[in-house]
There are 2 protein chains.
Amino acid sequence: MRISFEQMQAEFKRVLLKNGFAENKANECATIFAENSRDGVYTHGLNRFPVFVQYLKDGLINPDAAPSPDDSMGLLERWDGNLGPGMLNARFCMDRAISLAQQHGMGCVAIRNTNHWMRGGTYGWQAAEAGCIGICFTNTIANLPPWGGIDPRLGNNPLIIAVPRAGGHVVLDMAVSQYSFGKLQQYKASGDELPLPGGYDAEGNLSTNAAHIMESKRLLPVGFWKGSGLSLMLDLLVTVLSNGKSTAAVTQAGAESGISQVFICIKPQDDGHTAGLIEQIVAYTKTSRLVEPEQAIRYPGESTLKTREKNLKEGIPVDEQIWQKVLAL
Amino acid sequence: MRISFEQMQAEFKRVLLKNGFAENKANECATIFAENSRDGVYTHGLNRFPVFVQYLKDGLINPDAAPSPDDSMGLLERWDGNLGPGMLNARFCMDRAISLAQQHGMGCVAIRNTNHWMRGGTYGWQAAEAGCIGICFTNTIANLPPWGGIDPRLGNNPLIIAVPRAGGHVVLDMAVSQYSFGKLQQYKASGDELPLPGGYDAEGNLSTNAAHIMESKRLLPVGFWKGSGLSLMLDLLVTVLSNGKSTAAVTQAGAESGISQVFICIKPQDDGHTAGLIEQIVAYTKTSRLVEPEQAIRYPGESTLKTREKNLKEGIPVDEQIWQKVLAL
């Protein structure tokens, strides 16, 4: 079943208006959710929307709240997200970082007391659309054991890096777990095995079974000890720069709310060579002989554009049960 | 065999003075090499020193050259490394970034036409010693196949993130290959198997044999497709920001020289909470139950300090053959 972008956006907006959102905020928030599904990130589009509404009902997200300034020093700004909608807060912060970068070459905006931003890539695309390099990351509730440990004590803290490019922006959007939670949920639902081990089962063996991994809560960090270290660093950066809640504090509070994020924006100087340099890198990467002749080498973000085009033309594929659930909200 | 830090530094300095280095540069460069071995990064200390001297003799590194300003805009600076010694150029750039951060909250310094910086962690520790968050990365010659490809077209581009901490800085220093080249050389020399697959053998099977992986040139990126994407992004960032050579251009030129690097420094505001927040994160991570009771969970940089202390007290362990080689240089 496929739903048009416009219909999906309108449906989200209707539900948000019913749940305390003002007109303009409902519109922006619904657009971000629909765009996430449009771009193929269903786990943080339609599929996550009912969870978001539940958070609203539970009072974990305040639809009226907007960021307020904590303080600022030079090009480092600190904001308090006041537990507002995470995607609106995140969009606001990247906007601030873009403005700083356009004025000064770069800017860094840290926010505390914010909420899940859904698809991190949203804010990378936002920076790239403004002609800027965007780098952002967030912490989460503990969902990843540190290397050498059994119990989750780290977040799978997504890291986004975006570079603007005329023929399609290059946007990396990666959780530091080998598979994001959304991907594991997808595989669990479909019953398919993961292509590569994504964590450990209850007996401590590497596993490709998403359900077993979600049960043991022992997800695998990317690069084993390296991803574990990277997760800790990202948590340190967002916590120190925002003076906000760490993964430890979020976890001890019991729900993934009031998290911390950082948005860095850089406006590259372009003396006419930049586009050529970018094309050289992308083109050279693609000259490697293929392992599987039918599996082309792609740059980060390349498949997003293809999915976007297809979904805009043919409609966005939806899980019918979830779609019905949203219609009933 | 163990050599004192002072003796090692003096020996390096003697060789550098013989190879065209001025007194102060020989001293600084020798200190960085000796510190890398002191901190346990033997692959980029003593073990790499003869290669460095060969690069000097081949004219790939100019001992007299120093960075010259390309241009600057706001807090983004661009420098030309003029093919000078990579570690001196890198130290200079992180110094600039620290100055910018101390004045404005943050700074970003990009350099082109530079050379291998040896241990990337050196510049993370440098920033942390100055009370700053340091983030830096470099490109390299192609030594890593992109995900889905057979031939190396990406670099294993190390990424360094450092956060200052009173009880010992937290410093992540990771190549985006599962094992750095230096580590593979170590395992190849010792004949030990890698603890986890580090790449593919000539038949395309995942392998724990360092020699086979180095032969096939098919190293594994951290997190498979994720590390491949991260490597591409880091190359884009250093190339675009420095207007320098990409991994493609360095590789096509034939030798790992004239590479590009970026140094970002952030001076965190500290209203008295920072130290407590950092301790909370480190302590919480260590509360995870251990997989192996004798293998404690460590934060990035923790073992560096222990190795440093031990090596300063007992002397730095050296490969006797390489040490003799240096004595004869």
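The values are calculated or read from the model by the stated rules, or taken from the named source; none is laboratory data. Remember, it's a predicted structure, so these values are computed and weren't measured experimentally. With ideal geometry, Cβ positions are generated from the backbone for all residues, glycine too; neighbour counts draw on all protein chains shown.
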Matching option when the condition is more than 26 Å from A:Met174 (Cβ to Cβ), at pLDDT 95 or above and among the polar types (S, T, N, Q), among A:Ser72, A:Ser68: A:Ser68
Out of A:Ala30, A:Ala10, sole residue that is of a type in the set (Gly, Ala, Ser), surrounded by fewer than 20 Cβ atoms within 10 Å (Cβ to Cβ) and assigned to a helix (DSSP H, G or I): A:Ala10
Can you find, within region B:273-321, the residue that is farthest from B:Arg165 (Cα to Cα) among those that are among the aliphatic types (A, V, I, L, M) and in a loop (DSSP other than H, G, I, E, B)? B:Val318
Given the criteria more than 26 Å from B:Thr239 (Cα to Cα), surrounded by 18 or more Cβ atoms within 10 Å (Cβ to Cβ) and in the same structural domain as B:Leu236 (by TED's automatic domain parsing), does B:Val170 qualify? yes
In this structure, does A:Pro85 turn out to be away from every other protein chain (no Cβ under 14 Å), within 30 Å of A:Leu184 (Cα to Cα) and of a type outside the set (A, V, I, L, M)? yes
Here is a check on your reading of the model: is A:Ile135 in contact with a strand residue (DSSP E or B) (Cβ under 9 Å, 6 or more places away or on another chain), more than 7 Å from chain B (Cβ to nearest Cβ) and buried (at least 24 other Cβ atoms within 10 Å of the Cβ)? yes
Among the residues of region A:82-104, how many are touching a residue at least 40 places away in the same chain (Cβ under 8 Å) and closer than 20 Å to B:Ile266 by Cβ? 9
Residues of region A:178-202 satisfying the condition of being more than 9 Å from chain B (Cβ to nearest Cβ) and either touching a Gly at 6+ places or on another chain (Cβ under 9 Å) or β-branched (Val, Ile, Thr) (or both): A:Tyr179, A:Lys183, A:Leu184, A:Tyr187
Which of the numbered conditions does B:Leu206 fail, given that it passes all the others? Conditions: (1) in contact with a Phe, Trp or Tyr (Cβ under 7 Å, 6 or more places away or on another chain); (2) modelled with pLDDT under 95; (3) within 30 Å of A:Asp71 (Cβ to Cβ). (3)
Filtering region A:4-46 down to residues that are farther than 24 Å from A:Phe181 by Cβ, in contact with a helix residue (DSSP H, G or I) (Cβ under 9 Å, 6 or more places away or on another chain) and hydrophobic (A, V, I, L, M, F, W, C) yields A:Phe5, A:Ala10, A:Leu17, A:Phe21, A:Ala26
Can you tell which of B:Val291, B:Val240, B:Val250 is farther than 24 Å from B:Glu129 by Cα and touching a helix residue (DSSP H, G or I) at 6+ places or on another chain (Cβ under 7 Å)? B:Val240
Which of the residues spanning region A:138-152 are over 15 Å from A:Gln252 (Cα atoms), buried (at least 23 other Cβ atoms within 10 Å of the Cβ) and facing another protein chain (nearest Cβ under 9 Å)? A:Pro145, A:Pro146, A:Trp147
Which residue pairs have Cβ atoms closer than 7 Å, lie 6 or more positions apart in sequence or on different chains, and pair a first residue in region A:306-329 that is farther than 22 Å from A:Lys18 by Cα with a second residue that is surrounded by 14 or more Cβ atoms within 10 Å (Cβ to Cβ) and aromatic (Phe, Trp, Tyr)? A:Leu312/A:Phe5; A:Ile316/A:Phe5
If you go through region B:114-127 one residue at a time, do you hit one that is within 11 Å of another protein chain (Cβ to nearest Cβ), within 22 Å of A:Pro268 (Cβ to Cβ) and either surrounded by fewer than 24 Cβ atoms within 10 Å (Cβ to Cβ) or touching a Lys or Arg at 6+ places or on another chain (Cβ under 7 Å) (or both)? no
Here is a check on your reading of the model: is A:Leu60 touching a His at 6+ places or on another chain (Cβ under 8 Å), aliphatic (A, V, I, L, M) and at pLDDT below 95? no
Does B:Leu60 satisfy being surrounded by fewer than 18 Cβ atoms within 10 Å (Cβ to Cβ) and assigned to a helix (DSSP H, G or I)? no
Under 6 Å by Cβ, and 6 or more places apart or on different chains, what pairs join a residue from region A:17-34 that is touching a residue at least 12 places away in the same chain (Cβ under 8 Å) and on the phi < 0 side of the Ramachandran plot with one that is surrounded by 15 or more Cβ atoms within 10 Å (Cβ to Cβ) and in a loop (DSSP other than H, G, I, E, B)? A:Phe21/A:Pro63; A:Cys29/A:Pro85; A:Phe33/A:Gly45
Scope region B:214-225; condition free of Cβ contacts under 8 Å to residues at least 40 places away in the same chain and surrounded by 24 or more Cβ atoms within 10 Å (Cβ to Cβ); matching residues: B:Gly223
Report, by residue number, each residue of region B:271-300 that is charged (D, E, K, R), over 28 Å from the mean Cα position of the chain (by Cα) and more than 8 Å from every other protein chain (Cβ to nearest Cβ). B:Glu294
Considering region A:267-282, residues that are touching a helix residue (DSSP H, G or I) at 6+ places or on another chain (Cβ under 8 Å) and without any contact (Cβ under 8 Å) to a residue 40 or more places away in the chain, and then whichever is surrounded by the most Cβ atoms within 10 Å (Cβ to Cβ), we arrive at A:Ile281
Which one is nearest to A:Tyr123 (Cα to Cα) among residues in region A:233-247 that are out of contact with any Gly (no Cβ under 6 Å at 6 or more places or on another chain), at the interface with another protein chain (Cβ under 8 Å from one of its Cβ atoms) and β-branched (Val, Ile, Thr)? A:Thr239
Among (1) without any contact (Cβ under 8 Å) to a residue 12 or more places away in the chain; (2) surrounded by 15 or more Cβ atoms within 10 Å (Cβ to Cβ); (3) among the charged types (D, E, K, R); (4) farther than 30 Å from B:Lys217 by Cβ, where does A:Arg298 come up short? (4)
Within region B:248-260, can one find any residue that is under 18 Å from A:Ile161 (Cβ atoms) and either in a loop (DSSP other than H, G, I, E, B) or at the interface with chain A (Cβ under 8 Å from one of its Cβ atoms) (or both)? no
Subset of region A:205-232 (residues that are at the interface with chain B (Cβ under 7 Å from one of its Cβ atoms) and in a loop (DSSP other than H, G, I, E, B)): A:Val222, A:Gly223, A:Phe224
For the structure I just gave you, tell me whether A:Ser37 is surrounded by fewer than 21 Cβ atoms within 10 Å (Cβ to Cβ) and either in a helix (DSSP H, G or I) or modelled with pLDDT under 95 (or both). no
May I ask you to list the residues in region B:63-77 that are touching a residue at least 12 places away in the same chain (Cβ under 8 Å) and surrounded by fewer than 21 Cβ atoms within 10 Å (Cβ to Cβ)? B:Pro63, B:Asp64, B:Ala65, B:Ala66, B:Ser68, B:Asp70
Condition check: over 29 Å from A:Tyr200 (Cα atoms) and touching a residue at least 40 places away in the same chain (Cβ under 8 Å). Does B:Ile264 satisfy that? yes
